[in-house]
Amino acid sequence: MAVCGALVRSGRLSRPISGRNSAFIGSRFAVVKRLASALSYVPETAPSDFGETTKMNLFQSINSAMDVALANDPTAVIFGEDVAFGGVFRCTIGLADKYGKDRVFNTPLCEQGIAGFGIGMAVMGATAIAEIQFADYIFPAFDQIVNEAAKYRYRSGNLFDCGRLTMRAPCGAVGHGALYHSQSPEAFFAHVPGIKVVIPRGPIQAKGLLLACIKDDNPCIFLEPKILYRAAVEHVPVGDFSLPLSSAEVVVEGKDVTMVAWGTQVQVLREVCNMAQEKLGVSCELIDLRTIMPWDSETVIKSVNKTGRLLVAHEAPLTGGFAAEVASTVQSECFLHLEAPVERVCGYDTPFPHIFEPFYMPDKWRCFEAVKKLINY
Amino acid sequence: MLVTTSMAGVRRLLGAVGKSLKQGVSEASSNLPFMQTTYGFTKKLQSTYAAGFDDDRPQFPGTGSKVRFTEKLEFHLPDTSRTIPVYRVIDRQGEILDPTQKPGLTQDVVLDMYRKMVLLNTLDGIMLNVQRQGRITFYMTNYGEEAAHMGSAAALDPADVIFGQYREAGVFLWRGFTLDDMMNQCFSTHRDVHKGRMVPINYGSRDINFVSMSSPLATQMPQAASAAYAMRMSGKPLCVACYFGDGASSEGDAHAGFNFAATLDCPLIFFCRNNGYAISTPTSEQYRGDGIASRAIGYGISTIRVDGNDVFAVYNATKAAREVCIKESKPVLIEAMTYRIGDHSTSDDSTIYRSSEEVHHFKQDSPITRLQTYLTKNNLWDSDKETAYREEAKSKVLEAFHGAKDRKKPPISDLLTDVYDRMPAHLESQAADVIQRPIPRTRLHGGTQGCMMM
C-alpha cells in the first residue's frame, strides 16, 4: 500500500488499475487530480453537541458506525464477502477481532444468499448488517430485496418484519471502475415500496446516516460512494449519533437556482455553486437529498418555489433515474413558480464505460452549462 | 394448549448471549470448526506446510487434508445404480417391517395424526369447491402429502421456528392453527392476521412460530439458514425447519440456503417434499442427479431420503435430524418422496400433462390409506370410526366456512399501512386519496371470480 502511494506520487504509476481490490483507490487519487474534472472534497464540521471528534475518512467513519452499533447492540452482526479480514474497502477492519468471529463473519460468495441471510436474522430480531461488495453485484439479491425484504411487513399484516436489516454497498464512479465497479443503482430500489435507500455525501453524514439506518425499523439500503472512502476526510464525532432519515439538507443557501444531488455529486455541485457565483453572479441553493426513498420532497419544493429553477444531477443514467422522480414532483407542485424547465444532468443512457468515463460523468462543466441554460431561458 | 412464543425469547436471549460474545467465542459454539480458525486456510495448512513438499500429498487449500493423488484418468460418474435408498417403517400393507423402528408415539398421538390428516383432506375437498364457486380466488390442495406434514411437524418442538413454501397446511394444523384462521386468510376477512394482503393459503402465525409464507420459491431457504444461526446464537436448544419442493430446489436461493447453512453451522432441517411435479414439470425435467438428497453431500450436509407417505418414517427421520441439528449445530436434509395427487392449484388442470391412470395408481398408496391400514390392522380404527370422523371433520370445516364466507373484509385504510413501520408523508397523501374514493364493486365481494393464473 505504502509502496503504491510512493509510486503514484512519483508519477510512475499512471496506468489505470482495475479489479475488485480497492487498495489502490487512495493511491489513484494523486493521478485523478491531474484530470480536468477531478473531485475535491470540502470537509464539513460536525455539530458540537455530537461530542468529541477525530479525523476520519469515509471508510473509517463507516467502521466507527459499525463499531458503535456492535458495541451497543449485542444482537448486531456483520457479514458478507471478505468482511472478516477487514473488507476490500477496509470498512470492517478490526471488528472481527473486537467482537468475535460469530458476530463479524465471511459468507460464501453469493449475494442472494447474503440478502436472504440478512432477512432471516432480522426476522428473528437480530440487527443484521449485510455487506454487498459492490453495488454492481447487488442484482442477484434483487429478488430477496424486492419480493421479500420490502414486503415482509406488509404481506404479513405486521406480524413479521425484517426492519433490523441494513444492507451496505459501495457505489458510484471511482475513475477506473467501468461497467461493474461504478454503478449507482438507487433508482431501482427507489421503485420498491417498503425499503429505504440512503446515500451519504461525506464521513460525518455517513456515520450518522448509517447509524440511523441500523436503528431504523425498516430494511435499509445504504450506498457508499466509494471514491470518497479515502478522498473524503473530516473531523467525525467518535461517539454514537444519528442523523435523520427522509430529511434533505440545504448544504448551501441561495436564491436563484436550486440544485439537488446526493453522494459524490453534492461535492461536484458545490464547485458549480462557486463557479456560478464567480462567473455569473448567480446564487445557487444546493440540497443533498440524503435519503432517496422515502425522499424529503417538502424541502425541495420549498426551495424551488423560492428560486423557480431546478437542476438535478446524478451519475446514474438519465432515463428512469431518480432525477426524473424529483423533476416530475417539482413540475407538479411548483408549476407556476418555475422560470425554466427542470434541468437533469446525468450519466448518458449507456452502461458505465471505462476509457470514456470522463465524458460520461455529469461533471462540473456539464452542470455549469445547465445552470446557464436555467438562467438564460 | 399454549405454546411458547420462541421468537420474543430469541430476541431477549440474543441480547444476553451477545454480551458474552464480546470476548470472542461463545460457550455454546466453542466447539464449532469455523470458530477455531482465524482464516481457515492458514491454520489448516500449517501442519502440511511443516512437512514441506516432501510429503507427496495434494496441498491445495480447496480440498481436505485427507485427499490423495491418483495417476488414473477416470471421471467419477453419477452412479444411477446406487441412489440413496428410501427409508420406511410401514410397508404398503400397513406392517411395521423392523420393530426397532416403531416410533415412540402414544396411541393418542398416532390417532391424532390420522384425524388431522383426514381433517386436512376434508378441508381441501371443501375449499376446492369453494374456489370453483368463486367465493375465494385461489386454493392449493395437499392431497398425497399429509404424512409429510404431520410426521415432520410432530417431531419438532413447538418452539422450533418454521419456514414454508405453500403446501404445508398440515404442519399448520398440527401446531394448532385453526380452521377459522385458515378461512379468514383464504377469504381475506378482517380477522385475517395478514390483513387480507395475500392470496389464499399463504398462512403465517407468530403464536405457532411459523413465518408467513410468500409466493416466490425457495426465498425462505437462506432466510431459514440465518434464522437457525440466530437460534444457535441465542443458546436455546432449538432448531429451524425449512420446507420446500422439488421444483424450488432448482432455484439459486436453494443453493444459497444449503451452502450458507453448511458453512455457517446453522441448526436447520431442510425438508424437501419431492412430490414428482413442479406444476407440469416432472422431476425428470427438473434434475439429472439423484434427487435432492444427493446434493446435500456436495454441500457437506448429512442427508436422508424417506418414504414421505409413511408418517412413522417421516417422524423418525425428522426426530433424528433434529437431534443432530441441535447437538452438532449443523444442517440436515430430509428428502420426503411422495406424490402430488391433486392439481398444482386451482389454476391448474393436471389431466393435460399426466394420465388419470398414473394419479389413480398413486392414490391407492396415499399416506392416509397407509396409516389407515396400519391402524385398522392394529384395531385402533374401523370403518364406523372413519365414517363418524369424516362427518365430524366435514361439519367442522363447514362451520368455519360459514363463519368466514360473509365476514367483513378489512378496512380500506389497510391498503396503505405497514409498508413501513410508520406511514411516510408520501403515503399519507396517497391514503387520503384512497379513502375518499367510492368503493369499487369487485367480484371479490361476491359473484364468480375468474381464474387467477399463478
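Before moving on, here are some points about what is shown:
- Residue B:358 being without any contact (Cβ under 8 Å) to a residue 12 or more places away in the chain, open to solvent by 20 Å² or more (accessible area, probe 1.4 Å), at negative phi and not hydrophobic (A, V, I, L, M, F, W, C): yes
Here's the yes/no breakdown for (1) within 8 Å of chain B (Cβ to nearest Cβ); (2) open to solvent by less than 10 Å² (accessible area, probe 1.4 Å); (3) in a strand (DSSP E or B):
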site	(1), (2), (3)
A:84	yes, no, no
A:97	no, no, no
A:122	no, yes, no
A:161	yes, no, no
A:166	no, yes, yes
A:175	no, no, no
A:183	no, no, no
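- Residues of the range A:124-140 that are open to solvent by 10 Å² or more (accessible area, probe 1.4 Å) and either facing chain B (nearest Cβ under 8 Å) or of a type in the set (Lys, Arg) (or both): A:140 alone.
- Search result, residues across the range A:289-340 that are in a strand (DSSP E or B) and surrounded by fewer than 21 Cβ atoms within 10 Å (Cβ to Cβ): A:317
- Residue-level check: of (1) facing chain B (nearest Cβ under 8 Å); (2) surrounded by fewer than 24 Cβ atoms within 10 Å (Cβ to Cβ); (3) not small (Gly, Ala, Ser), residue A:102 misses just (2).
- Failed criterion for residue B:153 (all others in (1) part of a helix (DSSP H, G or I); (2) at positive phi hold): (2)
- Within the range B:366-382, considering residues that are out of contact with any Phe, Trp or Tyr (no Cβ under 8 Å at 6 or more places or on another chain) and under 17 Å from residue B:149 (Cβ atoms), the one most open to solvent (accessible area, probe 1.4 Å): B:369
- Selection from the range B:386-421 of residues that are in a helix (DSSP H, G or I), open to solvent by 70 Å² or more (accessible area, probe 1.4 Å) and not β-branched (Val, Ile, Thr): B:390, B:391, B:392, B:394, B:396, B:399, B:402, B:415
- Qualifying residue in the range A:56-75 (condition: more than 9 Å from chain B (Cβ to nearest Cβ), touching a residue at least 24 places away in the same chain (Cβ under 8 Å), outside any helix (DSSP H, G or I) and hydroxyl-bearing (Ser, Thr, Tyr)): no
- The single residue among B:191, B:232, B:167, B:135 that is of a type in the set (D, E, K, R), out of contact with any Ser or Thr (no Cβ under 8 Å at 6 or more places or on another chain) and buried (at least 24 other Cβ atoms within 10 Å of the Cβ) turns out to be B:167.
- Scanning the range B:261-287 for residues that are within 14 Å of another protein chain (Cβ to nearest Cβ) and open to solvent by less than 30 Å² (accessible area, probe 1.4 Å) gives B:261, B:262, B:264, B:265, B:266, B:267, B:268, B:270.
- Residue in the range A:188-211 that is open to solvent by 30 Å² or more (accessible area, probe 1.4 Å) and without any contact (Cβ under 8 Å) to a residue 24 or more places away in the chain present: yes
- Subset of the range B:258-286 that is assigned to a loop (DSSP other than H, G, I, E, B) and under 18 Å from the mean Cα position of the chain (by Cα) - its residue that is nearest to residue B:340 (Cα to Cα): B:275
- When the test is whether a residue is among the small types (Gly, Ala, Ser), open to solvent by 10 Å² or more (accessible area, probe 1.4 Å), part of a helix (DSSP H, G or I) and modelled with pLDDT of 95 or more, residue B:215 does not pass it.
- Options B:70, B:63: the member that is assigned to a loop (DSSP other than H, G, I, E, B), of a type in the set (Val, Ile, Thr) and open to solvent by less than 90 Å² (accessible area, probe 1.4 Å): B:63
- Criterion: in contact with a strand residue (DSSP E or B) (Cβ under 8 Å, 6 or more places away or on another chain) and of a type in the set (D, E, K, R) - qualifying residue of A:155, A:103: A:103
The values are calculated or read from the model by the stated rules, or taken from the named source; none is laboratory data. As the structure is a prediction and not an experimental result, all values here were calculated from the model. Note: ideal-geometry Cβ built from the backbone for every residue, glycine included; neighbour counts use all protein chains shown. Just so you know, the surface numbers come from the protein's heavy atoms only, side chains and all, with ligands and any DNA or RNA stripped out. Shrake-Rupley method; radii C 1.70, N 1.55, O 1.52, S 1.80 Å.
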